[in-house]
Amino acid sequence: MGFTIEQECPQCGAPIDLDETDHLILCPYCHVKNYLFARDYFRLLLPHKAPDHDIIYAPYIRMKGEVYLCKGASIRHSIVDVTHQGSGSKQLPVSLGIRPQAMKMRFATPEVPGTFLQCTLSPSDVLTTMNKRTSVFSPGKLFHRAYIGETFSLIYQPLFVHDNRVYDAVINRPLAQLPDSEDVFPPAKDAHPKWNITFMATLCPQCGWNLEGERDSVVLTCGNCDTAWEASEAHFTPVAFGVVSGRGDNINYLPFWKITARDEGLGINTYGDFIRVTKQPAVMQSGLSNTALSFWIPAFKIRPKIFLRLAKQMTILQRDWTMEERIPKKTLYPVTLPHSEAIQSLNVTLASAVMTRSKFFPLLPDVNFTVIQSHLVYLPFRAVGNDMIEEHLNICINKNTLKYGHYL
Ligand SMILES: [Zn+2]
Ligand SMILES: [Zn+2]
């Protein structure tokens, strides 16, 4: 479950409630749009109720994402959503539990008074802990593990010290007794944090027109000069894209990352290699046999099981479509999975397409794809009842599953 962040509009100061996954914020009062960007990750504060005390903030790393394991002869997946205490203090609780979901948080900025304990744990330490936990999912040898779409944030728990006791400043209750001789807190403190979030004006860098997107979009589009953009290092950089035009009514365009990649380990370099290695039974598009292998990965967050099915079906059934570099005027489904995350899924997509898993999985550690190039491709899906159906391949996605993906 996600959480809510309270933030003032940088233009008019009106309060806006953001969802955790929001990037694009539209102020309901002055209608100015901004894109939220943090260089590493967002830092959030739990609210405290102790205005008369000097507040000490203890960091918790929060990780949310999907983990995929190729183990034995099966692929397991699950949604990971954890917080882990990051200051190394033995007295503080290891996790925040459901607290971040239960109250509104704010961004931590240099103006916030208080002492910030240093976070000595890194995101990779949290991953190591998660690796140990997720390894017990199922029996069998682990051949490959991938985290896809994971995000990290830092959540600060407010504390204060009174009468030799450490108090939880969210509920003003004692947490721990301060030992006589030593400080309960490690000495390293971030006295003057320089963290800031950047509010980027959502104007097209090429023509100055307003960029379009939805709240959780990680790619914005310009319908005026037909370009697509993603934020990196606090500015927008162009994204190569193509559109496969749809016919008829009720067309929605869903984005996929078309990722061309080579693997020297097992020599999986062409579409024909992919079909041969995965032992696809059907007669495949022979016209593509000698073309470089491209994976087609959903560019939107969706439940792991469906994500894997779509990546597999699209990669196997792909065609050499004619594409246009023009942003469609019809509904564009937002890109919510960045390219950097999509490329984490190549091995697991290959694994899911393989027909003889027990034979092939031991070879997975030798597979190491090098990405040659990537494109964002919008494909036409027709809305039929509760489903969205791809026009050429009849691949089907349930509308509710898509909706639920916004919360992942
Ligand atoms: Zn405003
Ligand atoms: Zn433009």
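Taken together, the values in this text are just the output of simple stated rules run on the coordinates, not laboratory data. In this text, all values refer to a predicted model and were calculated from it rather than measured experimentally. FYI the Cβ positions are ideal-geometry reconstructions off the backbone, even for glycines, and counts take in every protein chain you see.
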**Message:** Below 8 Å, C-alpha to C-alpha, sequence gap of six or more: please give me the relative contact order for the stretch 42-196 in percent.
**Reply:** 38 percent
**Request:** Report the one residue of PHE361, ALA14, CYS225 whose Cα lies farthest in the direction of the positive end of the charge dipole of the chain (charges on C-beta: Lys and Arg +1, Asp and Glu -1; origin at the Cα centre).
**Result:** PHE361
**Calculated FRET efficiency for the pair TYR407/THR356, C-beta based, R₀ 51 Å, to 0.05** = 0.90
**Message:** Strictly greater than 14 Å: what percent of every Cα pair in the stretch 36-121 meets that?
**Reply:** 73 percent
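Pairs of Cα atoms under 8 Å, at least six residues apart: use those to get the relative contact order of the chain, whole percent. Each step should come with its number before you reach the end.
On the way: 882 pairs, mean separation 75.5, N = 408.
The normalised contact order for the chain reaches 19 percent.
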**Prompt:** Given the Cα-Cα distance of THR291 and LEU266 and 0.36 nm per residue of separation, how much length would full extension add, in nm?
**Reply:** 7.3 nm
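Do me a favour and compute the ellipsoid semi-axes for the chain from its Cα gyration tensor, root of five times each eigenvalue, largest one first, whole Å. Please report the intermediate quantities before stating the final value.
Working: eigenvalues 350, 158, 55 Å².
Output for the chain: semi-axes of 42, 28, 17 Å.
Assuming 0.36 nm per residue, please report the length gained on full extension of the stretch LYS49 to ARG319 beyond their Cα-Cα distance.
Details: separation 270, 0.36 × 270 = 97.20 nm, distance 5.91 nm.
Computed gain between LYS49 and ARG319 is 91.3 nm.
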**Asked** So what are the three principal axis dimensions of the stretch 1-71 from its Cα atoms, in whole Å, longest to shortest?
**Response** 53, 37, 23
**Request:** Could you tell me, in Å, what Rg and Dmax come out for the Cα atoms of the stretch 227-376?
**Result:** 16.0, 47
**Message:** Below 12 angstrom from the Cβ of SER74, what's the summed charge of the other residues (Lys, Arg +1; Asp, Glu -1)?
**Reply:** +4
**Request:** Within the stretch 306-325, find all residues whose amide N lies under 15 Å from a label point positioned 7 Å from the Cα of ASN398 along Cα-to-beta-carbon.
**Result:** 306-310
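Counting pairs of alpha carbon atoms under 8 Å apart in space and at least six apart in sequence, what relative contact order in percent does the stretch 240-405 give? Spell out each step's value before the answer.
Numbers: 305 pairs, mean separation 65.0, N = 166.
Relative contact order, the stretch 240-405: 39 percent.
Using unit Cβ charges (K, R positive; D, E negative) and no other charged atoms, how large, in debye to the nearest 20, is the dipole of the chain about its Cα centre? Please list the in-between numbers first.
Values: 40 positive and 38 negative charges, 314 e Å.
Magnitude of the dipole: close to 1500 debye.
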**Asked** Counting Lys and Arg as +1 and Asp and Glu as -1, what is the net charge of the other residues whose Cβ lies under 11 Å from the Cβ of ASN394?
**Response** -2
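When only DSSP loop residues count, what trypsin sites (Lys or Arg not before Pro) in the stretch 44-80 have their Cβ near at most 13 other Cβ atoms within 10 Å? Display every interim value, and only then the final one.
Details: sites: LYS49, ARG62, LYS64, LYS71, ARG76; in loops: LYS49.
Sites meeting the loop and neighbour criteria: LYS49.
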**Prompt:** Of SER153, SER78, SER340, which is the most mobile in a GNM of the chain whose springs link Cα atoms less than 10 angstrom apart?
**Reply:** SER340
**Asked** If the cut-off is a Cα-Cα distance under 30 Å, which lysines reach LYS330, setting aside same-chain residues fewer than 8 apart in sequence?
**Response** LYS33, LYS258, LYS301, LYS305, LYS312, LYS399, LYS403
**Fill in**
Counting only Cβ distances under 4.7 Å between cysteines, those in the chain with no partner are CYS70, CYS119, CYS396
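On a full-extension model of 0.36 nm per residue, what is the gain between ILE171 and ILE197, subtracting their alpha-carbon distance, rounded to one decimal in nm?
Values: separation 26, 0.36 × 26 = 9.36 nm, distance 2.77 nm.
Using 0.36 nm per residue and subtracting the Cα-Cα distance, I get 6.6 nm.
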**Fill in**
Expressed to one decimal in nm², the mean projection of the alpha carbon convex hull of the stretch 42-196 is 10.5 nm²
